[in-house]
Amino acid sequence: MTFNRRNFIRTTLSGAAVATMGGSAMAARSFEPTSAEITKAFPANGKAELKLSFQEGIAPGNNLNEKFDYFEKLGVVGFEPGGRGLAGRVNEIKDALKGRNIKVSAICAGFEGFILSTDPTIRKKCMDTMKEIMAAAGELESVGVIIVPAFNQQVPVMPHTQETRNFLCEQFNEMGNFAKEHGTTVIFEPLNRKEAFYLRQVADAASICRDINNPGVKCMGDFWHMTWEETCDMGAFLSAGEYLQHVHVASRKRRSMPGEDGNADNYIVGFKALKMLGYNKYVSFECGCQGDRQVVVPAAVELLRKQWREA
Ligand code: LER
Ligand code: MN
C-alpha cells in the first residue's frame, strides 16, 4: 500500500476529530447544521420525483417488447437489467426501448470474481468484467453499475481492516474513473449481514464514496436490506445525500412485491428523505412475487405512488 495524502486523510480524519472533541461531544459533531446549511444540504427544490423501475423478472411478458408494453401501461419509466452478458445485449435493449418513455436505470451486478479477494487473479476478473459491464452501461446511458465488494460466501477475503478499506478505495477510484469516461458510475450496494457482512449500512457506503471523492463512485440503498440493518430509513438516505444514485424496493418481510407483506410495507419515512434530497433517480423493484403477478404488480405500483404522495 502506498502512503499518500489521500490515504493519510482517510486514515486520520475520524481519529483527529475524536482527539479534539472527546467523549460526549462526538455525538453532536456529526449533526449540528445551521439552517442555512440545512437548506443547502436538502434544498426543497421540487426536483424530487418518483421514477419507478423494474428489474427484468418483474413484469409479465415473454420478451422485452411485451414487458415494456406492460411497463408503459403502469407508467414505469426505468428498466434494470442484470450485468451478465450485457455487452452482447446492448442492441437488443436499445431496439426494444426505441420510441418508448423508458430508460435503462441501473445495471444490477453480473460481474465475476470479487474485488476484496486475496487472489489477484480473482480481483482482476472482477475489475475486467466490471469494466466490460460499465462500457455497455455507458452505451445504454445507465445511471450506474451496482457492485457488492464481497459477499459472505466469497473467500478467501481480505481482512476487515483499515488497510483493506484503503485498498477498496483505490480499486473503486479506478472503476470510478473508467465509469466516468463512459458516462456512467459504479454504485456500492450495502447488503444485510446474512449476505455481505463487509458493507451493511448506507452511511458506511456513503462515507467510502466521500473518501474516494470521485464523481464516478456512488452508493445506493435497498429497502429490503435496510429493513434489517438500518435504525431509520430517513437517517440512512439523508446520510447518503449527494452520493445516492439508486434505490431498490421489495416487501419488508419476505422480499416480495411491495404490499404483499401488509402493514410492514411502509416506505413513507424513507420517501420523505428522498424528497428532502430532491432525489430524481430510480426506485427499482428487486423482489419475488407470492400472488398473481397481474394483480400484485399494479397494486405495488399504486401503493408506492400513494406512499410517495403521503411522504
Ligand atoms: C442482493 O441481495 C441484492 O440486493 C442485489 O441488488 C445485489 O446486487
Ligand atoms: Mn438490491
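What the table shows:
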{"quantity": "Compactness index (Cα Rg / 2.2 N^0.38 Å), segment 206-311", "calculated": "1.09"}
{"quantity": "Highest to lowest packing among 213-219, 120-126, 165-171, scored as the average C-beta count within 10 Å", "calculated": "213-219, 165-171, 120-126"}
{"quantity": "Computed over the chain: relative contact order in percent, which uses C-alpha pairs under 8 Å that are six or more apart", "calculated": "18"}
{"quantity": "Burial ordering of TRP228, TRP308, fewest other beta-carbon atoms within 10 Å first", "calculated": "TRP228, TRP308"}
{"quantity": "MRE, 222 nm, helices only [DSSP H, n ≥ 4, -39500 (n - 2.57), over the chain, to nearest 500]", "calculated": "-14000 deg cm²/dmol"}
{"quantity": "Relative packing of peptides 150-156, 246-252 - highest average C-beta neighbours within 10 Å first", "calculated": "246-252, 150-156"}
{"quantity": "Percentage relative contact order, segment 155-225, counting C-alpha pairs under 8 Å, at least six apart", "calculated": "36"}
{"quantity": "Placed amide H near LYS103: partners under 5 Å, 5+ positions off or other chain", "calculated": "GLY78, PHE79"}
{"quantity": "Proximal lysines to LYS275, defined as alpha-carbon separation beneath 16 angstrom and excluding residues fewer than eight positions away on the same chain", "calculated": "LYS40, LYS47, LYS51, LYS306"}
{"quantity": "Hits among aspartates and glutamates - C-alpha to C-alpha of LYS194 under 12 Å, sequence gap 8 or more where chains match", "calculated": "GLU229"}
{"quantity": "Ranked packing of 263-273, 92-102, most packed first, by mean Cβ within 10 Å", "calculated": "263-273, 92-102"}
{"quantity": "The chain - Kirkwood radius from inverse mean 1/r over Cα pairs (Å)", "calculated": "20.3"}
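A short reminder: the numbers here are calculations on the coordinates, not readings from a lab. Not measured: the values here are computed from a predicted model. We place every Cβ from the backbone using ideal geometry, glycine too, and count neighbours over all the protein chains shown.
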